Structures are given as structure tokens and as C-alpha cells.
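The values are calculated or read from the model by the stated rules, or taken from the named source; none is laboratory data. Everything numeric in this text was worked out from a predicted model, so none of it was measured. Cβ sites come from the backbone with ideal geometry, for glycine too, and all protein chains shown count toward neighbours. With ligands, DNA and RNA removed, areas are computed over all heavy atoms of the protein, side chains included. Shrake-Rupley method; radii C 1.70, N 1.55, O 1.52, S 1.80 Å.
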Protein chains: 2
Amino acid sequence: MAAAAAPPPAPTPAATALPNPTPTGLPLFSRVRLAIPSDIPHIHKLIHQMAVFERLTHLFSATEASLSSTLFTSPPFQSFTIFILELSQAPFPPSPSPPLFFSPITQTTTLDLPIDDPESETFKSNDKDCGFDVVVGGFVLFFPNYSTFLGKPGFYVEDLFVRECYRRKGFGKMLLSAVAAQAVKMGYGRVEWVVLDWNVNAIKFYEDMGAKVLQEWRICRLTGEALQAYANPAI
Amino acid sequence: MAAAAAPPPAPTPAATALPNPTPTGLPLFSRVRLAIPSDIPHIHKLIHQMAVFERLTHLFSATEASLSSTLFTSPPFQSFTIFILELSQAPFPPSPSPPLFFSPITQTTTLDLPIDDPESETFKSNDKDCGFDVVVGGFVLFFPNYSTFLGKPGFYVEDLFVRECYRRKGFGKMLLSAVAAQAVKMGYGRVEWVVLDWNVNAIKFYEDMGAKVLQEWRICRLTGEALQAYANPAI
């Protein structure tokens, strides 16, 4: 995508009840963990859904192969890093201790109505350790950036996406605050991302959480033939 | 700095002649090379000049120590990378072959009037191999970013700065095209940076070189106490 963060998403229809509605107050268990290479098929599908959401499928050319060859090439947090959001109707088991890079974050949400996930088979998680069904609900992709004024790194959030049926339940915030917590843990100075100027709901959401929207800066992009031409000015 | 690229800079006074003006058509030799840790004192001074230029010195808190501890921590191009612009009145010697990461780029500019560099002592280059005076005239700091739509990395240019007396002579373009050439060499899809929306000269310069200015996107930034608070939502 251009350089984007999707949440909070456009209004979605109210969650629809399952055929056999369960009592209200149903717990939904969520976990944010580091992505691993076997997550790539899910990540690819999530990125495509994001392109559809943003009506930018004409710009979408990523393949599972192109993601595989460019992601997971360095240890987490040193370069491009992905957190995966997983959801389950059963509590997640404790993480094996101590985690090498990142201790998964769990949270429990109480739902008024159960969620009908029409893509639960497609997004079944690859994590075999749980012993019960877990689905992938979203992701955040981020990487270090650098502030010369601060003289220290930060994190730039390139993408933040939650599948439609799981929106408006705090999972976008769960993913973004996991990035913020990692930034603080590493002594980094900032977390940054971009938003479309007409996405007033998103802007309000970000301002409410304490972020500043920089009104004066515009992104410049050199790509395609213009990049090739500029790289070889003598030709 | 916020996230910025300075050139083309604000109008500068015409270059003033040296006490003993040399004939017109004077050659000025320039070289773009990878920065090394011993360049940090010069880089620190250049960043400070950039803060002054942007009237943002209140945001400037970098020190040589903070730069030293956060830069040069990984091989060039994998993370934060700096190219240094050097200038000399004598031609640069050929680079030792083959260079490990980057082959320096040289260029010769013919000046109508010699340049009076009032800071030539302060910015004397650390490169002892030349056998003649070389000054540091600017820098570009960049690092990989990632496009999930392309499924490939790009480069983000955080800072591009040329000292005042060397502006308007193509050195900003020399630095930026060095980044573009490296991106092409690595098979990367984009080079991106930001510009202030009121800097119409810069916007025209970037559009003329084939870059697109993305009008709809705004940068969001979470920093300071708001970052700390968001990272620990339970507190």
C-alpha cells in the first residue's frame, strides 16, 4: 500500500448472530505474537483485503513469493517486523518461557453478541500448540525509522489491518499499543504512521490516543520509470 | 528533524568572491561516499545547521554520543545509512578497488565564481587519503522502508542537507540520485521522503525530477508522554 494504516476502519455492519446464538457476555480471547515465515499465506491475504478496503487493488502486486524473499531476513525489530493478531474462543496457553524476542500479549474481550467469521477456515492459524481453533484476525507491519533531531530510532507503522468482522473491538489498538510498548522497551523516541486526510474517524481515533497529525508535511515518492531515470541521470 | 528533506534550500546570497579571485570556469570536484563513525562530529554539526534552517532548534536534542550509539550498528543499507558529500579543489583519487559496500560517486562542477566557504576549517574532511584539503558539504540519511502492496523494500530519505555555500549547484540532486541508484541496484521499488507543503520551490524541484507528491496522506506521530501512556494502557 501507499504507506498506510487502516484502523479504525470504515463503518461495518453490526456483527450478526450465529445460527445458534450463545448467551451474551461471551469471552473472546486475543493474542498478539511475532509473525513467522509460515504466516505468509495469511499475511498475503490480509494485505489483499487491505487493498480492497482502500480501493487500491490496481496497486497491489505482492505475491507470497515476493513477501517470502523480502520479509524475515533479519531478527525481529531490526528491520521489517510483523505482529499477528489471533483470536480464539478458548484461552491461549501460557507462552513458553522465556521468549527469545517478544513475549506474546493476550487480552480478553467480552462480546455482547458472538462474531460470525465467514472466513474462519481460510484464516485458521498455523499455531498447532494451542490444541483448539485459532484464527488470524489482523496484523501490523512496522520497521525502525530514525530521527536525526532526537538522535535515536523510532518505529514506523506501514500497515495496520483488522479483518472486518473483528473491527471496533479494540484490536487495532491492541496491535498499535504492542508496537508502542516495544518502542518504549527499546528506548525509541517515536511511533509514526500515516492516515488519509479524509478519514476523519481515524484522525479522531489517533488524536484521542495522544498522537499528533502533522498537517504541513507531504510524502514524495519516486518509483517506476521515474526512479530508474533519476538513478541514471547520464542515460 | 520531523521527517524532512531540505533541498532545494531557501534562496541564498550569491556566492562571494575570494580575496584573490581565480579565473571563471573554476572546477569544483565532488564525491559522495559512505559515512563512517569518525564522520559523526561533522554529521552532528550538519544536523544542527538543518535544525537552524528549519527553525526547529527547540526540537533538536541529538548529541554526538546519541548518534554514535544508534548509527553504524549494522552494515550499510540494511538499516540507517548515511552518504557524505565531500568537495575539493583537486580531483579525488580513484577509490581503492573493489569497494566493500559502495563505490564512491564523483562529479565535477564548473563554477562561474569561486565559493567562499566560511566554515572550511570546521568541516575539513577526515579522509586522510586524498593528500589535499577536502571539506564536508552535506549528507543524506536514509534507511529501508517496505511496501506491502509491492511486496518489496524501498528507501526512505529522512534527511538531505547541503551547507548553504554549496547550494544551487546540483549537490542535493547528486546525493538523492545516489540513493535512487542504490535502490535500483538493490531491486527496491521506491524512494520516498517528505516535504513541507508551503515549500513550493522544493515541490517543483521534486515534481520536475519525476516524483509524485501524495496530497492526501498525513503523518501521525506518537511521542513523549503520549507514547509512554499508550504503551502502557493499563497504567
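Structure notes:
- Condition check for B:S103 on (1) under 16 Å from B:Q49 (Cβ atoms); (2) free of Cβ contacts under 8 Å to residues at least 60 places away in the same chain: one failure, at (1).
- Selection from the stretch B:95-127 of residues that are of a type in the set (A, V, I, L, M, F, W, C) and part of a strand (DSSP E or B): B:I105, B:L111
- The stretch A:128-155: number of residues that are over 29 Å from B:G154 (Cβ atoms) and buried (at least 20 other Cβ atoms within 10 Å of the Cβ): 2
- Among (1) open to solvent by 20 Å² or more (accessible area, probe 1.4 Å); (2) over 29 Å from A:F132 (Cα atoms); (3) within 14 Å of the chain's Cα centre (by Cα), the one test that A:A51 misses: (1)
- Residues that are out of contact with any Ser or Thr (no Cβ under 7 Å at 6 or more places or on another chain), hydrophobic (A, V, I, L, M, F, W, C) and either surrounded by 13 or more Cβ atoms within 10 Å (Cβ to Cβ) or in a loop (DSSP other than H, G, I, E, B) (or both), drawn from the stretch B:60-94: B:F60, B:L67, B:L71, B:F72, B:F77, B:F80, B:I82, B:F83, B:I84, B:A90
- Hits in the stretch B:22-33 - residues which are buried (at least 19 other Cβ atoms within 10 Å of the Cβ) and either within 12 Å of the chain's Cα centre (by Cα) or part of a loop (DSSP other than H, G, I, E, B) (or both): B:V32, B:R33
- The lone criterion from (1) at the interface with chain B (Cβ under 10 Å from one of its Cβ atoms); (2) open to solvent by 50 Å² or more (accessible area, probe 1.4 Å) left unmet by A:I105 is number (1).
- One residue from B:S97, B:S69 being modelled with pLDDT of 95 or more and either more than 27 Å from A:A231 (Cβ to Cβ) or among the polar types (S, T, N, Q) (or both): B:S69
- Single residue of A:E225, A:E158, A:E216 found to be open to solvent by 30 Å² or more (accessible area, probe 1.4 Å) and closer than 25 Å to A:R55 by Cβ: A:E225
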